[in-house]
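Peer 1: Once you've had a glance at the structure underneath, I'll fire off some questions.
The numbers here are math on the coordinates, done by the rules we state, and not lab data. Everything numeric in this text was worked out from a predicted model, so none of it was measured. In this analysis, Cβ positions are derived from the backbone assuming ideal geometry, glycine residues included, and neighbour counts consider all displayed protein chains.
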Amino acid sequence: MKPSFPFRNLVPTFFSGLLDDPILLLRIRPTGHHLMFDCGQVHHLAKRTFTHLDAIFISHAHMDHWMGIDSVVRQLIAADKTVDIYGPPGIADKFEHRLRGYDWNLAEDYWSSFRVHEIYPQRLDRTLFSGPDSFDRIPLDPSTREGEVVYGNKYLEVCADSCDHRVESVIYRINERPVYLIDDTKLDELKLKPGAWLGKLKSCFLHQRDFPAELKLTQIDGEDEREIVVSDVPGLVRKLSKPQTSHSIGYISDTGFTPENKEKILRLMQDVDLLICECTFLREAKDRARTSWHLCTDDVNELLAALQPAYFLPMHLSRSYSRRSEELYRELKPPERTCLLKLPLQLTPRPLLANEIKWQEYSEDE
Ligand SMILES: [Zn+2]
């Protein structure tokens, strides 16, 4: 059964099987655009998925989370857009090394560019790789970070923190921005006549624009109508707003289970509705989890008990468990309120062997 997530505008799709390299794709329903979290093997994603891609968020540059970036460049090269890439410090150098492995002497004006943002605690260092200029590296001014937020548009914001996986590994939280809902009973209480002004306020709220300095409204008192001027428009917006909860998704890729990492995870992922988290090892391999700085089922159970998400998707199970994957679900003990989600082992068909390829002799009779 497909889970019925509480998100209004966000459509998450986990584009990998349980044993595959992880890719989380997030569609923003009103625009049809996508965000991608981690970028391992991406050859099974339709081209349309790439052309609507706005930003990619990389946890760390281990090959299984990053090697698909070449395919992203390949698919987007002629799309005439700028795609943002977020990741830990050093990701701009790594991206440049990938690009320098190819010849770009045929660059055209309509080639896409990539803007790389390296995530530091207080700032984002930014570098442009310009497609029309054969991916020349152009340093941009760094941007300061407001709290944990690294990216935002009118429908969502992405927050990040950096965990230790013996390399920096960034964990991400996606918060859906609340829309502005009008409480009709408050409108009646204030005796205000609805009109185009309500749409204007909603639009200011959604696009994060300043509200008008004043509003000329009609107040209805029995049979009488009178014009009033409201000068405290933000105050009116607050009075009329219908309380609502905003929903969020947590994405935890490879990370060690240290006290510092655990504290960061619990802080950033508090109250997420959908938690997507690596669980590379079963309980018996806790030692291997510790030496490779990954999580095992016991670690994940501890996080789940503290976070109590409505939905939990374990991912990135070690391929050494290809015949034992059911043990993962038996060892995971999510809290009662948490719905445990299950992935297929692999998402794409098995690759072909040479003897499965059929050649034929050409004959003119065909
Ligand atoms: Zn890793």
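Peer 1: Can you tell me the orientation of helix 196-206 relative to the chain, as the angle in degrees between its alpha-carbon axis and the longest Cα principal axis, to the nearest 10?
Peer 2: Between the helix axis and the principal axis of the chain, the angle is about 40 degrees.
Peer 1: Which parts of segment 234-276 would a label at LYS200 reach, counting a residue when its backbone N lies under 18 Å from a point 7 Å out along Cα-to-Cβ?
Peer 2: Residues 234-241 fall inside that zone.
Peer 1: Continuing with the same structure: Which value, in debye to the nearest 20, describes the size of the charge dipole of the chain about its Cα centre when Lys and Arg Cβ atoms bear +1, Asp and Glu Cβ atoms bear -1, and nothing else is charged?
Peer 2: Values: 47 positive and 57 negative charges, 145 e Å.
That gives the chain a dipole magnitude of about 700 debye.
Peer 1: Dividing the Cα convex hull volume of segment 184-240 by residue count, how many Å³ per residue is that?
Peer 2: Normalising the Cα hull of segment 184-240 by residue number yields 74 Å³.
Peer 1: Pairs of alpha-carbon atoms within less than 8 angstrom and 6+ residues apart define the contacts here; what relative contact order does the chain have, in percent?
Peer 2: Details: 699 pairs, mean separation 46.8, N = 366.
In percent, rounded to a whole number, it is 13.
Peer 1: Same structure, new question: Within the set of other residues whose C-beta is less than 11 Å from the C-beta of ASN175, count the net charge using Lys and Arg as +1 and Asp and Glu as -1.
Peer 2: Result for the neighbourhood of ASN175: -3.
Peer 1: Using Cα-Cα distances under 8 Å and only pairs 6 or more residues apart, what relative contact order does segment 63-199 have, in percent?
Peer 2: Values: 202 pairs, mean separation 21.5, N = 137.
Here the relative contact order equals 16 percent.
Peer 1: Around ARG123, with a cut-off of 14 angstrom between Cβ atoms, what is the net charge of the other residues, counting Lys and Arg +1 and Asp and Glu -1? Mind showing how you got there, number by number?
Peer 2: Details: positive: ARG126, ARG145; negative: GLU118, ASP125, ASP141, GLU146, GLU148.
Here the charged neighbours net out to -3.
Peer 1: Please check the chain for the longest run free of chymotrypsin sites (Phe, Trp or Tyr not before Pro) that are loop-located per DSSP (anything but H, G, I, E, B) and have at most 13 other Cβ atoms within 10 Å. Mind showing how you got there, number by number?
Peer 2: On the way: sites that count: TYR102, TYR110, TRP359, TYR362.
It works out to 111-358.
Peer 1: Rounded, prolate or oblate, given the Cα gyration tensor of segment 221-366, with a/c below 1.5 counting as rounded? Don't jump to the answer; show the numbers that get you there.
Peer 2: Working: a/c = 3.55, a/b = 1.57, b/c = 2.27.
Judged from the Cα gyration tensor, segment 221-366 comes out oblate (a/c at least 1.5, b/c at or above a/b).
Peer 1: Would you please classify the overall shape of segment 1-41 from the alpha carbon gyration tensor, given that a ≥ b ≥ c denote the square roots of the eigenvalues, rounded means a/c under 1.5, and beyond that prolate means a/b larger than b/c while oblate covers the rest? Don't skip to the end; give the middle numbers.
Peer 2: Working: a/c = 3.47, a/b = 1.41, b/c = 2.46.
Because a/c hits 1.5 or more and a/b fails to exceed b/c, segment 1-41 counts as oblate.
Peer 1: From the helices alone, meaning DSSP H stretches of at least four residues, give me the mean residue ellipticity at 222 nm for the chain, per-run term -39500 (n - 2.57), in deg cm²/dmol to the nearest 500. Present the calculation step by step, with values, prior to reporting the outcome.
Peer 2: Values: 11 runs with 87 residues, N = 366.
The helix contribution divided over the chain gives -6500 deg cm²/dmol.
Peer 1: Another question, if that's okay. For segment 140-231, which GluC sites (Glu not before Pro) pass both filters: DSSP loop (anything but H, G, I, E, B) and at most 15 other C-beta atoms within 10 Å? It would help to have the intermediate numbers written out before the result.
Peer 2: Values: sites: GLU146, GLU148, GLU157, GLU168, GLU176, GLU189, GLU214, GLU223, GLU225, GLU227; in loops: GLU148, GLU214, GLU223.
Listed in order of number, the matching sites are GLU214, GLU223.
Peer 1: Another question about this same structure. Against the longest principal axis of the chain, how steep is helix 259-268, in degrees 0 to 90 to the nearest 10, with axes from Cα atoms?
Peer 2: 40 degrees
Peer 1: Could you work out the local net charge near ASP21, counting Lys and Arg as +1, Asp and Glu as -1, over the other residues with Cβ closer than 9 Å to its Cβ? All intermediate terms of the calculation are to be shown ahead of the outcome.
Peer 2: Numbers: positive: none; negative: ASP20, ASP38, ASP64.
Cβ neighbours under 9 Å give a net charge of -3.
Peer 1: Please order THR291, THR338, THR82 by the number of other Cβ within 10 Å, starting at the fewest. Please list the in-between numbers first.
Peer 2: Values: THR291 11, THR338 18, THR82 15.
Fewest to most other Cβ atoms nearby, the residues stand as THR291, THR82, THR338.
Peer 1: Separate question: Pull out a ≥ b ≥ c, the square roots of the eigenvalues of the alpha-carbon gyration tensor of segment 38-110, then state rounded if a/c is under 1.5, prolate if not and a/b is larger than b/c, and oblate in the remaining case.
Peer 2: oblate
Peer 1: Rounded to the nearest 10 degrees, what's the angle between the helix 91-100 long axis and the longest principal axis of the chain, both from Cα atoms, 0 to 90?
Peer 2: 50 degrees
Peer 1: Also, I was wondering about something else. Could you tell me the center-to-center distance, by alpha carbons, between segment 117-190 and segment 289-366 in angstrom?
Peer 2: About 29 Å separates the Cα centre of segment 117-190 from the one of segment 289-366.
Peer 1: Ok, one more. log10 I(q)/I(0), Debye, Cα-only the chain, no solvent, q = 0.09, 0.11, 0.13, 0.15 Å⁻¹?
Peer 2: Computed log10 I(q)/I(0) values: -0.62, -0.85, -1.08, -1.29.
Peer 1: What does the convex hull of the Cα atoms come to per residue for segment 100-208, in Å³?
Peer 2: Working: hull volume 18.4 nm³, N = 109.
Hull volume over Cα atoms, normalised by residue count, gives 169 Å³.
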